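To start, the structure under review is shown below, and the notes come after it.
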Amino acid sequence: MIKAFDGVNEWFKVNSLSINVEKTHYFQFKTKNKPSLNINIVCDNKSITPATNIKFLGIYLQDSINLSCHIEYIIPKLSSACYMMRSIRPIMPINTLETVYYSHFNAIITYALLFWGNSPHSTKIFIMQKRIIRIMMGYRNRVSSRSLFKRLGILPLSSQYILSLMLSVVKNKNFFILNSENHNKGTRQLNNLHHPITNLTVYQKGAHYMGIRIFNNLPPYIKEISHNIKKFENCLKRFLHIHSFYSLEEYFQHKFSQPFICISLLISVIYDLCFTAYKC
């Protein structure tokens, strides 16, 4: 870390720039079982102070890598969006309410979602999402919101996380290894992504590992079109709108048999027709 900082500092000096020591901090990412290292970084005879959390490109990061501080940061913004929705609902049509939802609520929860969407603290955000959906449709808190998500064509948080992560995976396939590149045995998983072996829970919940798990669990007819990003996105959206998964556990427990795939394709066509009619 010290050598890396010295290299950065040297680059600044060569390019006639300087580091503002007062606003510069260093970060140690660590797990619960690993203590912090005693590091002393000096710049121009001044010590760089450590930080446990910091805002970087609109995301609040923690040294424990659980992103709970970012979730706590966006909750007040989402509460304001719920209050706004409750205030304007009696006087606005549904299409206007949807516009407000996407601009003041959805835009917040989808930003950097593939980094914090698998956090255990994300359930707080999902509770707020269900609340605003019920407000939009004029229902009380005890009414199930699953059918409301489908009627509005809005993805629940976990389904939106799956979509965001899968688009990132197919756009960056060069960072992943296919099973066919590891062995030549003719198995059904030959075109799946290779699963790295790891016991570290933090890594298993991360975007790279979870992206592999989710992609490999997709129905075959969706995986087969992953080379066409636009077609893949549209097909995956239809699939997620139909099932409206509330959690990753629910998604992983879903089994995709061959007869189901044919039925799913038929349902997706019917869904498109019904969704278009509802919007009209």
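The values are calculated or read from the model by the stated rules, or taken from the named source; none is laboratory data. Note that this is a predicted model, so its numbers are computed, not measured. All Cβ positions, glycine included, derive from the backbone under ideal geometry; neighbour counts span all protein chains shown.
Structure data summary
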item: Elements of type helices (runs of 4 or more DSSP H) in the range 83-152, at least 2 residues being in contact with a Ser or Thr (Cβ under 6 Å, 6 or more places away or on another chain), within 19 Å of residue 247 (Cβ to Cβ) and modelled with pLDDT of 90 or more; result: 123-137, 146-152
item: Per-region count, the range 58-82, residues in a loop (DSSP other than H, G, I, E, B) and without any contact (Cβ under 8 Å) to a residue 40 or more places away in the chain; result: 2
item: Filter result (over 18 Å from residue 250 (Cα atoms) and surrounded by 13 or more Cβ atoms within 10 Å (Cβ to Cβ)) within the range 188-206; result: 189, 190, 191, 192, 193, 194, 195, 202, 203, 206
item: Qualifying residue in the range 140-149 (condition: aromatic (Phe, Trp, Tyr) and surrounded by fewer than 15 Cβ atoms within 10 Å (Cβ to Cβ)); result: no
item: Count - residues of the range 209-259 that are part of a loop (DSSP other than H, G, I, E, B) and under 23 Å from residue 194 (Cα atoms); result: 12
